[in-house]
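Colleague: Pasting in a structure now, in structure tokens, and then I'll have a few things to ask.
The values are calculated or read from the model by the stated rules, or taken from the named source; none is laboratory data. Worth saying up front: this structure is predicted, and the values here are computed from it rather than measured. Backbone-built Cβ (ideal geometry, glycine too); neighbour counts: all protein chains shown.
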Amino acid sequence: MSALFDYMIGLKMGIVDGRIHGKSAGGIVRTEGLSPSYFTFDLDMPTMYEDKYRKVRAELLQFHAYASRIITTIPHGHAKPFGAWSRGGAITVSAVTGVFVTLSGFTPSVTTQVASGDLIQFRGDSKVYQVVRDANSDGSGNVIVELSSIMVREPNVSFSIRWGEDVKFQLFLERQPVAVSIPGRSGKPLYSFSEAILLTEGLRPYDLQPGEDILFFEDWSNA
């Protein structure tokens with residue numbers, strides 16, 4: 001796991017919608033999905049002594065020219081699945097229709113095999129998706145999953161998946177945070193960080209305001 005996530009003291013997970021909404025003069029409302037939605041991670045970092053600061057700073061400096069990425073799971077239960085995910089073997093894709101994906105390999109006839117809010121990721125795709133509504137497995141162990149976002153890349157039949165705490169987010173940093181130091185115990189300096197932002201390539205959240213946190217955005221630009 002990333003040192004940034006390992007040492008943080010707070011994590012806020014959000015979603016930026018890729019849809020636009022419009023209303024005509026006649027009152028007709030239209031919603032159009034222009035791009036996949038993406039996740040944001042707002043990290044509260046503690047004041048720390050040099051040993052932890054050096055590890056965090058070293059990781060931040062790996063974002064050369066603001067283009068390099070980190071690949072990390074996320075802690076503190078934010079990715080823990082709500083569904084049963086009871087299975088007899090590997091779970092694979094058996095059909096795809098729009099935002100609906102049929103998954104096979106579950107234990108048959110189980111209520112809420114997959115639950116609203118669960119995270120899934122398809123083999124060969126760095127994008128992480130979220131489940132819209134609860135779904136049961138049928139008598140053959142199939143589950144039809146509705147995704148909350150249009151897909152970056154449609155998975156092939158027989159592709160395996162990751163779910164829950166096994167999904168891996170690819171994140172990149174827009175700018176380096178400013179490090180602030182103050183005198184600590186026995187003259188040892190204490191360090192803290194100003195806000196830093198990680199963005200999905202090609203999407204910029206213009207409505208975000210500067211704060212005191214380290215803010216990350218999911219990156220699926222290599223998909």
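Colleague: Which of the strands (runs of 3 or more DSSP E) contained wholly in the range 30-103 include at least 2 residues that are at pLDDT 85 or above and surrounded by fewer than 18 Cβ atoms within 10 Å (Cβ to Cβ)? Break it down stepwise before answering.
Modeller: Working: elements: 38-44, 69-72, 87-97.
Because the criterion is at least 2 residues that are at pLDDT 85 or above and surrounded by fewer than 18 Cβ atoms within 10 Å (Cβ to Cβ), the strands (runs of 3 or more DSSP E) in the range 30-103 that meet it are 87-97.
Colleague: In addition: Considering only residues that are under 17 Å from Val93 (Cα atoms) and among the hydrophobic types (A, V, I, L, M, F, W, C), which ones fall in the range 142-192?
Modeller: Listed by number, the residues that qualify are Val143, Ile144, Val145, Leu147, Ile150, Met151, Val152, Val157, Phe159, Ile161, Trp163, Val167.
Colleague: Looking only at the range 113-135, filter to residues that are closer than 14 Å to Val101 by Cα and basic (Lys, Arg); which one of those is surrounded by the most Cβ atoms within 10 Å (Cβ to Cβ)?
Modeller: Across the range 113-135, the extreme among qualifying residues is Arg123.
Colleague: Does Phe39 meet the test of being over 25 Å from Asn156 (Cβ atoms) and among the hydrophobic types (A, V, I, L, M, F, W, C)?
Modeller: Criteria not met by Phe39.
Colleague: If I go through the range 119-153 residue by residue, how many of them are part of a loop (DSSP other than H, G, I, E, B) and farther than 20 Å from Leu171 by Cβ?
Modeller: The qualifying residues number 10.
Colleague: So, one more: Filter the range 109-153 down to the residues that are small (Gly, Ala, Ser) and farther than 16 Å from Pro36 by Cβ and list them by number.
Modeller: Residues of the range 109-153 small (Gly, Ala, Ser): 109, 115-117, 124, 126, 135, 137, 139-141, 148-149.
Ser109, Ala115, Ser116, Gly117, Ala135, Ser137, Gly139, Ser140, Gly141 - these are the residues of the range 109-153 that are small (Gly, Ala, Ser) and farther than 16 Å from Pro36 by Cβ.
Colleague: Check the range 199-213 and report whether any residue there is of a type in the set (A, V, I, L, M, F, W, C), surrounded by 20 or more Cβ atoms within 10 Å (Cβ to Cβ) and modelled with pLDDT under 75.
Modeller: First, the residues of the range 199-213 that are of a type in the set (A, V, I, L, M, F, W, C): 199, 203, 208.
Remaining after also requiring surrounded by 20 or more Cβ atoms within 10 Å (Cβ to Cβ): 199.
Checking the rest, the ones that are also modelled with pLDDT under 75 come to 199.
Yes, some residue in the range 199-213 is of a type in the set (A, V, I, L, M, F, W, C), surrounded by 20 or more Cβ atoms within 10 Å (Cβ to Cβ) and modelled with pLDDT under 75.
Colleague: Answer yes or no: is there a residue in the range 136-145 that is aliphatic (A, V, I, L, M) and crowded, with 19+ Cβ neighbours inside 10 Å. Give the derivation first.
Modeller: Pass one, the range 136-145, residues aliphatic (A, V, I, L, M): 143-145.
Right, trim to crowded, with 19+ Cβ neighbours inside 10 Å and you get 143, 145.
For the range 136-145, residues aliphatic (A, V, I, L, M) and crowded, with 19+ Cβ neighbours inside 10 Å: present.
Colleague: Assess whether Asp134 counts as being at pLDDT 90 or above, among the charged types (D, E, K, R), outside the structural domain of Leu43 (by TED's automatic domain parsing) and farther than 25 Å from Leu4 by Cβ. I'd like the intermediate steps shown before the answer.
Modeller: Numbers: at pLDDT 90 or above: yes; among the charged types (D, E, K, R): yes; outside the structural domain of Leu43 (by TED's automatic domain parsing): yes; farther than 25 Å from Leu4 by Cβ: yes.
Criteria met by Asp134.
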